[in-house]
1. Run residue 64 past the list (1) out of contact with any Lys or Arg (no Cβ under 6 Å at 6 or more places or on another chain); (2) touching a residue at least 24 places away in the same chain (Cβ under 8 Å) and report the number of the one that doesn't hold.
2. Report the residue count in the range 119-158 for those that are of a type in the set (Phe, Trp, Tyr) and over 21 Å from residue 80 (Cβ atoms).
3. Out of the range 65-88, which residues are more than 23 Å from residue 10 (Cβ to Cβ) and modelled with pLDDT of 95 or more?
4. From the list 184, 109, which residue is at pLDDT 85 or above and under 19 Å from the mean Cα position of the chain (by Cα)?
5. Give the residue that is nearest to residue 86 (Cα to Cα), with candidates limited to residues of the range 31-73 that are outside any helix (DSSP H, G or I) and of a type in the set (A, V, I, L, M).
6. Looking at the range 54-65, is at least one residue of a type in the set (D, E, K, R) and surrounded by 16 or more Cβ atoms within 10 Å (Cβ to Cβ)?
7. Do the conditions hold for residue 99, that is, is it out of contact with any Lys or Arg (no Cβ under 6 Å at 6 or more places or on another chain), at pLDDT below 95 and in a loop (DSSP other than H, G, I, E, B)?
8. Which numbered condition trips up residue 136, out of (1) modelled with pLDDT of 90 or more; (2) surrounded by 16 or more Cβ atoms within 10 Å (Cβ to Cβ)?
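The values are calculated or read from the model by the stated rules, or taken from the named source; none is laboratory data. For clarity, every value in this text was computed on a predicted model and none was experimentally measured. Counting neighbours? That spans all protein chains shown, and the Cβs are built from the backbone with ideal geometry, glycine included.
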Amino acid sequence: MISKLKICGIRRIEDILMVNEIKPEFIGFVFAKSKRQIDLNTAIELKRKLNSDIKCVGVFVNEDIDQIVKIVDSKAIDIIQLHGDESNDYIKLLKEKVSAKIIKVIKINSDLNGNTSFSQVDYLLYDSGNGSGKPFDWNININKKKPTFIAGGININNIEEAYKIFNPFAFDVSSGVEVGGYKNLDKMREIKTKLDSLNGENNE
């Protein structure tokens, strides 16, 4: 399976220009409290300048459902990512109000032995925590009944190993393509080129 790329934590026009060049399949806007957090007006402005082939994911943590609906309705995002303690009941209610697809994050350090079914979501994303930038234990067995994103410290030095272990639907990178806390074109280009190479080898 060809693994796609999501670059999360996009927050500046400069970042949009870089991803438009690199062309990952997904980018992420963080609406939760974070050093990469942006507001709705910024997201709308950035989305207008984004290549229309790139899907935009909005990242939320235990957000009020009506606020998510407002952001989806604004067309600032295409996909919802739930990174908190959202329950199946929460997801069911959200699904009743929006048609956008939903990614549910499974935090390996706390959720692995809990509920990882989330039958109503479209994707699962495995991470080591709330934007920790560190890999989780890759020896664990993950639920791949749904398309899976792999996050947590993915960078140019470990993406090949992660690819061989998981061959996921997509990789989610953020700090791994940054220098000094800001997105870096060379690092983006490097990891996209590497992933393209791995996909090519896997499909020969």
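1. (2)
2. Total satisfying the criteria: 2.
3. Hits for the range 65-88 are 65, 66.
4. Values: 109 fails: at pLDDT 85 or above.
Going through 184, 109 in turn, the sole match is 184.
5. Here the residue is 61.
6. yes
7. Criteria not met by residue 99.
8. Of everything listed in (1) modelled with pLDDT of 90 or more; (2) surrounded by 16 or more Cβ atoms within 10 Å (Cβ to Cβ), residue 136 misses just condition (1).
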